[in-house]
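Taking it in order: structure first as structure tokens, then the write-up.
The values are calculated or read from the model by the stated rules, or taken from the named source; none is laboratory data. This structure is a prediction, so every number in the text was calculated from the model and none was measured. With ideal geometry, Cβ positions are generated from the backbone for all residues, glycine too; neighbour counts draw on all protein chains shown.
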């Protein structure tokens, strides 16, 4: 039997999808919602995968620091180059993603980052196995590992 627990985290960010064929190529923002699915081989002494508050504190704090009320750009986006050159945008909060910041790529990144953050916070027994990322109420991307690996 596989047991997971889920924590919902929401934030606001701007982005643009570089070379998008429609309006998403423009600067715009969303009210994102992520559902973080965590798993451990066994439950802790009181019957939990992990305390929900730990997921909020660890992953939520990273989102607050890096993505919330900031702008997410692909590191190859020409706007990122302007920001790096000290353009007027330099005073704003930016996060450079290694891939174009589609919902799918953001979900993949958050999936990888979440487990890394939990290890750093002293919870190596817990793995984030899936991220559901809503860009809008109607649009969701999912990134998940095929098998749970601890």
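Among all positions in the range 9-18, there is at least one residue which is loosely packed, with under 15 Cβ neighbours inside 10 Å and either at pLDDT 95 or above or touching a helix residue (DSSP H, G or I) at 6+ places or on another chain (Cβ under 9 Å) (or both).
Selection of the range 49-74 for residues being farther than 15 Å from residue 128 by Cβ and assigned to a loop (DSSP other than H, G, I, E, B) yields 67, 68, 69.
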